[in-house]
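Worksheet for the structure shown next.
The values are calculated or read from the model by the stated rules, or taken from the named source; none is laboratory data. Since we're looking at a predicted model, the values are computed, not measured. Because the Cβ atoms are built from the backbone with ideal geometry, glycine has one as well, and the counts that use them run over all protein chains shown.
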């Protein structure tokens, strides 16, 4: 099975993150940039499928030059090769135009299965898998906590508010996964060394037949007008339980009219 | 006034979710709300009274077993046709799994911008979003097409405004291209009578400090006394104490209740990402240095196995 895994480089969600003051885009320059955590689960799932059914795993990333670090990190887990969509005109792209670009790149990769994380930790927008499927005219199985592959038939379980759904489709398809689906492997030393030699192909907009005016800030379908830091919460009363902590807690709840 | 389409979020037993009432309330400040019911047969009739109570002037109903039998694609097609016909001032959907998925497809079909997790929307289409773990407030706007936004639950106070909606049945024909992802089974899980996590006005969450799955009964007991939902930190979920669908934080749900009680939760940034826009935060933790206390309006440094039973007992006493 020819599997493509979408990988996004994001600012580390464990540290302070900011929007830039000049153009309101994510500040990637000052941040510690890492692989979107959810994408590691997609990579793991791809590798498991390859191990069970054979095939090839390709990483696909759209992002600035520094995203190369995340591509090498992804490759160190075990995928065979990577494609990096890299073009200065892409800066500031919205989700709709990102789907257009990734859709164009996927059009050249002939994937049976496109795997991705259900959302990225920076935008948490969750729309890309369905946008790409809609563009490519293929099935989208989204929010998987379990994926089974039987020949060309894919079946997922996805959590809903009321229980879960079992959804099935034939390849080609886009499948997005949550972090409940598996436990991603750590790259081995051997994997890290091997990743340095794995092929990374760079594609520019011209290679994809997409005009610069259609993407980036120029082609964005939405814009951030302004942003501000939310005032940090201040801590209130802190008491140490000396036998009446629960009672004191209820007294607080009572003054706030919760009980 | 022009129509504002509100895509109804309801349970499978035809209960209107609170976020739908929030969207109808919001829609009234932008135009005349029309509710759009996309679901199985009988949905619109079952939902119409409640939708009218909150100001739906009209209900568009696309009901068929077929629309319900495939993952979201048929719903997006019906909605795209409706948008093309009525040219609404805005389209609102719930910022939940399905709402976002329908909106995603609609955005591509219409080549239209999309804004998700919106907590406020002005008449000129300027939306407010809270991003980066609740640390940053963003004002944004769709710059191509109409305002297509998904609204985060618990963002707006629902206000009734009686209307008597006329129901218009839409013709549903599902093209082959929308039949690629087939729902073969839906399994309902017992939830009891607790409110839904993202919509609850009180959330009581447990973390690693709760210690075992069995001890979560303590969290549940307090939640039930306060009429709240139960949440869990990632540490508690990863340890198998509580199911993943109740996880609050970066890789789980974002909640914004009136009252959030954190029990045995240290307050790592990944957890704070999911709860720090809560109105009032209370924490119980044995570690007085735990970061959760930095955002708690009231904190108790102590053993939750002593503090929580006493809290429950005291609440009962005051009734």
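Applying the set (1) modelled with pLDDT of 95 or more; (2) in a strand (DSSP E or B); (3) within 19 Å of the chain's Cα centre (by Cα) to residue A:155 leaves exactly one unmet item: (3). Restricted to the stretch B:76-170, the set of strands (runs of 3 or more DSSP E) holding at least 1 residues that are free of Cβ contacts under 8 Å to residues at least 60 places away in the same chain comprises B:115-121, B:127-131, B:136-142, B:148-151.
For residue B:56, the criteria (1) more than 14 Å from chain A (Cβ to nearest Cβ); (2) touching a strand residue (DSSP E or B) at 6+ places or on another chain (Cβ under 9 Å); (3) within 25 Å of residue A:168 (Cα to Cα) hold in every case but one, which is (3). Residues in the stretch B:289-302 that are facing chain A (nearest Cβ under 7 Å) and within 16 Å of residue B:207 (Cβ to Cβ): B:293, B:294, B:295, B:296, B:299, B:300, B:301, B:302. On the stretch given as the stretch B:1-30, residues that are over 12 Å from the mean Cα position of the chain (by Cα) and part of a helix (DSSP H, G or I) total 5. One residue stands out in the stretch B:228-248 among those that are in a loop (DSSP other than H, G, I, E, B) and modelled with pLDDT of 95 or more: the one that is surrounded by the fewest Cβ atoms within 10 Å (Cβ to Cβ), namely B:240.
So that you can scan it fast, the table gives a plain yes or no per residue for (1) touching a helix residue (DSSP H, G or I) at 6+ places or on another chain (Cβ under 7 Å); (2) free of Cβ contacts under 8 Å to residues at least 24 places away in the same chain:
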{"residue": "A:116", "(1), (2)": "yes, no"}
{"residue": "A:121", "(1), (2)": "yes, no"}
{"residue": "A:135", "(1), (2)": "yes, no"}
{"residue": "A:146", "(1), (2)": "no, no"}
{"residue": "A:166", "(1), (2)": "no, yes"}
{"residue": "A:171", "(1), (2)": "no, no"}
{"residue": "A:181", "(1), (2)": "yes, no"}
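Can you pull out every residue in the stretch B:249-271 that is assigned to a loop (DSSP other than H, G, I, E, B) and surrounded by 20 or more Cβ atoms within 10 Å (Cβ to Cβ)? Across the stretch B:249-271, the qualifying residues are B:249, B:250, B:251, B:252, B:254, B:255, B:256, B:257, B:264, B:265, B:267. Residues in the stretch A:15-44 that are within 18 Å of residue A:174 (Cβ to Cβ) and either touching a strand residue (DSSP E or B) at 6+ places or on another chain (Cβ under 6 Å) or within 11 Å of another protein chain (Cβ to nearest Cβ) (or both): A:36, A:38, A:39, A:41, A:42, A:43.
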